[in-house]
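Presented below is the structure to which this report refers.
Read the figures in this text as sums done on the coordinates, not as results from a lab. Just so you know, these numbers come straight off a predicted model, no measurement behind them. When we count neighbours, we look across all protein chains shown, and the Cβ atoms used for this are built from the backbone with ideal geometry, even at glycine.
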Amino acid sequence: MPRYGFVIDLKRCYGCYSCQVSCKAANFTPRGIDWAQCVPAETGSFPTALRQMLPLVCQQCKEPACKEVCPTGATTQDENGIVLVDKNLCMGCKACIMACPYGARQTVGDWQTYFPDAEGELDPYEAYAKKQWEKKNGYGMATKCDYCKDRVAEGRKPACVESCPAKARTFGDLEDPESEVSMLIRREYGFQLNPEFGTDPACFYLPPR
Amino acid sequence: MGDEMATTTTVQEPNVKEDVWINTSCGGCYAQCGIRAHRVDGVIVELEGNPETPAGSGRICAKGTAQLMTLYDRYRVNYPVKRTNPEKGVGVDPKWERISWEEAYETIFEKFRNMKDPRGTYFQATTVQTSEIRFAVPAFMKAWGFKNYWVSGGGLWCGNGAHFMNGIMHAAWSIIPDWNYNKYTLYFGCSKGHGAGHAALQSAQWAADARARGMKAVVFDPFLSTQASKAHEWVPIRVGTDGAVALGMINVILNELGIWDAPYLKLKTNAPYLIRPDQHYKRDPETNKPLIWDPKAGRAKTFDDPTIEDYALEGTFEVDGTTCTPAFQLLKEHVKENYPLEKAEKISSVPAATIRRIATEFAEAAEIGRTITIDGKEIPLRPAAAIFFRGSQGHVNSGWNCLEIDLLNHIVGAADVPGGSMGHGPPVSFGHPDTGKPETVPYACPDGLMTVKGWVYDHKPYPLREPAPPQRLDLQDLYPCSVYNAFTICTPEWEKYRKDFNIDYEPEIMINFGSNSVMTMANAEGVTENFLKQFDFVLSFNIYQNEFTEAVADIVLPDASFLERYTPCVTFPSTFCHPTGMDHWVWQIRQPVVEPLHERRDFNEVMLEIAKGLGVQDKYFQAINDLIPVRYGGEMDEEYKLDPSGDYSWQDISDRVLKDRLGPDKGLEALKKTGLEKWPTKVEEMYWRWFTPVRVPIYFEFFLESGKKLQKLLSSFGREDMADYRFYTPLAEWFPCPSHEEEDPTFDLWAFSWRPSFHTQSSTQNNPWLDEVSVNDPFVYLMQINATTGKSKGLKDNDMVWVENPDGNKIKGPVKLVEGMHPEHIGIAGCHGHWARGTPISKGKGQFFDDLINPDLAHTDSLTQGSDACAKVKIYKVAGR
Ligand code: SF4
Ligand code: SF4
Ligand code: SF4
């Protein structure tokens, strides 16, 4: 069975937020929820300061801190290593949100329209998005990135990988030593974010320069 | 609408009746990438890049994806409305009242019919919908008989100096590096390949490939921009001083290193042309052609004499009793004498040693003498480029700044050859293999200098326009190099200017397509009071009620967005869409993925209706016949020309354009299925420089004559003061902005604006997804100031401050103390701080930088009439905060 993983090349990434926005669109996430958050940061001091974007996704950890604390068994790992939340079992205790060291889980109370001042019903797109969201996710429960599991099953790539103008994101099988992700990690010094958290992420980063 | 547009059908759920993907073109910015839209039961639910096109290569940016929210935005204008509050002005509530389309048309027809003089019409259009403006705007101008035209953004946000100089030097609208072969690029105040709309997504990918390959990038910018943050080296520089640094580098390269590409300079530029002591060309008395010196023959010959064995670049020569010097020698001496590195350092704050080092790296990286064979053709390889855009050109020295940076490319022969700086969109096109259209190849003027064949606007960049008594309300026709002209119309002097130049008609009707000029030309009050309020009737096509419509529009028509309309050609003229390098040409269309919602109607359709209603459709059709060969290269077949006495819909016109350019089987119905037509590029097109027998100037002899003519003309109207004639000099000079000469030490910072990669001019801030991104980003809604500078002023993050220019204009906002900022600057994201009622999402977020800009004569480039977009300011805490 493949173990799905990500490689995000920080030297290719120029911080455009396409991944964040295309994730929102592909997963119909409600207002305020972004599973592919981009975190820009400045380091160093003038004139040698640096700015670098850190694009995040759920790290689909092998030893997920979120799963460990889940009291209901709602959090599971599928055969590809994707960490999933069962909307029917999750009781919304938020233990996983606090436990996840990567800030990958979010919850939302209700569907908030993006156009709060408008009168009348939701526009057809928001109505559609709401329906889609409710089909797979919901309110009060923990929600998170699943590496676009359904798209991948259809043979497509995760939305953020497909949109990235700089081709900074690669998706594939970490178990296969010949896969593009494995080769990138080997050849270009791939590293996990904060390995000391001990969760063994499936998301690897390539150094910014 | 319907099945004919379906490209794939993947019915997923039993209760879903329709599930299709439709190919079209994004309209989120002027890159106009090819995209696919996913429609389920009549609703667009997904947008993604179309992998079939080189214009985007299957990718989509944040702005593009977020256009879904603009299509379905519940704050959009969905019905025609009229203003019921007679008061106009910034911030006024127009008290819109919904009207029917019939009433709107009747009012419009009546206003036009009652005009005192049709010449008093003014078309103002957005550059975001750049393909939409190519038909209706010029066609209506010709049909109704007026010449007044303004592209919003043209004043502050577009490229006066850049487009003009790129037109002269590269036959193109812009320049970008050839990332595929480049090893070293100098970027001056631009973000190409890092969010700029210049073939945005393919460029981003190629730039990333180049980075991964080890391409070295050096970025000159007052702040640590997106581009600078990805570079090997960020060189903090004072705004507007790029040209001085470039001239210093040229000095190093020519006089210290002694490096130049002699064959390029001899054969592809006017460097060998002999110059007389009076600065003019030495011409052959018989043919009037400029002369060069052939050192082998020991005599002067005309520049194109087939017997020339060699060209002298240096030395002085006696020709018929006149002492003549090759232009190159003059340039070399000029930079040595006038641009020593100490001077460049004093102007720019970049240390002389840094300028010298970077100049050396650049000249060496060009690898002069190397060649490469592509498709069996051996051509020079020059893997170094110097690139610029907004930052360099938004100053008094607009035109010259751009040229000075570009001269670096021409000295080392790195222009339109692999690895160098490339005209963009590609200026040479042999056309579709079936039709030979669109065809455009630059050609030489009698002096041997490059002249573009087709151009986006009526006047080509070269030969320069003859200064003439003005017919336009903005007096643009006075000036020989002007692309846009803001300083006349935006000042209280406008009426006086018109009087002084005997303009015998008044501004009467403005038609505005999509622009928000109250926020994109200069300070809002000035633009509104001095310019926009002078019109009796303002008709506006918009998708939102914005600062412009609320201030001055009388009728607002609900425009369709790009997902609701037909546009027959978005990738030609190829100003911003085609990647530069060996790939494919692509002709993309835009088609409605959904019928216009509510009562929205497409601008091009409505303008056609207006022309018909006014009884000028014959001239409208004729104008379209006339403009197609200019904009889309190549004569029209008789068969597809519009019959002026005929009757056509916008779709009929689109169909004819497509068949004429691409072939009889590639009309609208065919293109609706694919969304595009593509064919391979040729090496002679992409790397055209050595295949095209043209030269470009390094010595601008023709400015002398133009400047004199301009002076004579302006003097004849008693307004000699309306230009600084020192700008009309043949050798590149750096001229300061008022901000560089401010003497009051309390104005101790330069304010400048910048653009986040996820916004397009003033059109995207109200998009809720992009607003979410902006809120999330620490640099967009705050004003960035160098941390040390900020602390020395007692400031900390989020302190509210006033930013005030010497004229007393001021803006207010919270500061963010950062390290990535030159200590003498404050950087503000442009086009933010909206206040319109119709844009509640963006309202009050960020700052409105343009309020600091006064586009008077002193803040205008005397060469290109570009506006200076920097200001010297003082900042101080808002009382009580
Ligand atoms: S889309 Fe790609 S380049 Fe843009 S922020 Fe995300 S990872 Fe970086
Ligand atoms: S990143 Fe967080 S949410 Fe994702 S698997 Fe790891 S612990 Fe769980
Ligand atoms: S770069 Fe411009 S045209 Fe391309 S997807 Fe983004 S917004 Fe659309």
For the residues B:PHE362, B:PHE717, what sequence is obtained by ranking on other C-beta atoms within 10 Å, fewest first?
B:PHE717, B:PHE362
Once every Cα of region B:280-430 carries one equal point scatterer and solvent is ignored, give the base-10 log of I(q)/I(0) from the Debye formula at q = 0.10, 0.11, 0.14, 0.15 Å⁻¹, two decimals.
-0.52, -0.63, -0.98, -1.08
Sequence-distant residues sharing a close amide H with B:ALA271 (under 5 Å, placed H):
B:ILE698
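Taking the beta-carbon count within 10 Å as an exposure proxy, list A:GLU162, A:GLU175 from fewest neighbours to most. Mind showing how you got there, number by number?
Details: A:GLU162 22, A:GLU175 15.
With the fewest neighbours first, A:GLU162, A:GLU175 line up as A:GLU175, A:GLU162.
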If R0 = 41 Å, then B:ASP744 and B:GLU364, at their Cβ-Cβ distance, give a FRET efficiency to the nearest 0.05 of 0.40
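If you keep only loop residues by DSSP, which GluC sites (Glu not before Pro) in region B:279-315 have at most 10 other Cβ atoms within 10 Å of their Cβ?
On the way: sites: B:GLU286, B:GLU309, B:GLU314; in loops: B:GLU286, B:GLU309, B:GLU314.
Answer by residue number: B:GLU286, B:GLU309.
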Once both axes come from the Cα atoms, what is the angle between helix B:603-613 and the longest principal axis of chain B, in degrees from 0 to 90, rounded to 10?
70 degrees
Using helices alone, what [θ] at 222 nm do you get for chain A, with -39,500 (n - 2.57) per DSSP H run of 4 or more residues, divided over all residues and rounded to the nearest 500?
-6000 deg cm²/dmol
Given the alpha-carbon gyration tensor of chain B, what are the semi-axes of its equivalent ellipsoid in whole angstrom, ordered largest first, with each equal to the square root of 5 times an eigenvalue?
41, 32, 29
Mind checking the mean number of beta-carbon atoms from other chains within 10 Å of the Cβ atoms in A:118-130?
4
Convert 4 °C to kelvin, take the viscosity as 1.567 mPa s, use the Kirkwood radius over C-alpha pairs of region B:200-339 as Rh, and evaluate the Stokes-Einstein diffusion coefficient in µm²/s, rounded to a whole number.
72 µm²/s
Computed FRET efficiency, Cβ-Cβ of B:GLU705 and B:ILE374, R0 41 Å: what is it to the nearest 0.05?
0.55
Using only Cα atoms and rounding to the nearest 10 degrees, what angle (0 to 90) does helix B:650-662 make with the longest principal axis of chain B?
40 degrees
Go through B:581-588, A:36-43, B:483-490 and give me the packing order, highest mean Cβ count within 10 Å leading.
B:483-490, B:581-588, A:36-43
What residues from region B:550-573 fall in the zone where the backbone N is under 20 Å from a label point 7 Å along the Cα-to-C-beta line of B:ASP652?
B:566-569
Gain on full stretching of the segment that runs from B:THR84 to B:THR323 - 0.36 nm per residue minus C-alpha separation
78.8 nm
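Over the Cα atoms of region B:378-513, compute the convex hull volume and normalise it per residue, giving Å³. Mind dumping the intermediate values first?
Numbers: hull volume 26.0 nm³, N = 136.
In region B:378-513, the Cα hull volume divided by residue count equals 191 Å³.
Sorted by mean Cβ packing within 10 Å, highest first, what order do the peptides B:410-419, A:75-84 take? Intermediate values should be presented prior to the final figure.
Details: B:410-419: 27.7, A:75-84: 17.6.
Descending mean neighbour count gives B:410-419, A:75-84.
With N set to the number of residues, divide the alpha-carbon radius of gyration of the protein assembly as shown by 2.2 N^0.38 Å and report two decimals. Could you put the intermediate results ahead of the total?
Details: Rg = 29.0 Å, N = 1090, 2.2 N^0.38 = 31.4 Å.
Ratio of Rg to 2.2 N^0.38 Å for the protein assembly as shown: 0.92.
Just in region B:47-139: which trypsin sites (Lys or Arg not before Pro) are loop by DSSP and have at most 10 other Cβ atoms within 10 Å?
Details: sites: B:ARG59, B:LYS63, B:ARG74, B:ARG76, B:LYS82, B:ARG83, B:LYS88, B:LYS95, B:ARG98, B:LYS111, B:ARG113, B:LYS116, B:ARG119, B:ARG134; in loops: B:ARG59, B:ARG74, B:ARG76, B:LYS88, B:LYS95, B:LYS116.
For trypsin sites (Lys or Arg not before Pro) across region B:47-139 that sit outside H, G, I, E and B with at most 10 neighbouring Cβ atoms in 10 Å, the list reads B:LYS116.
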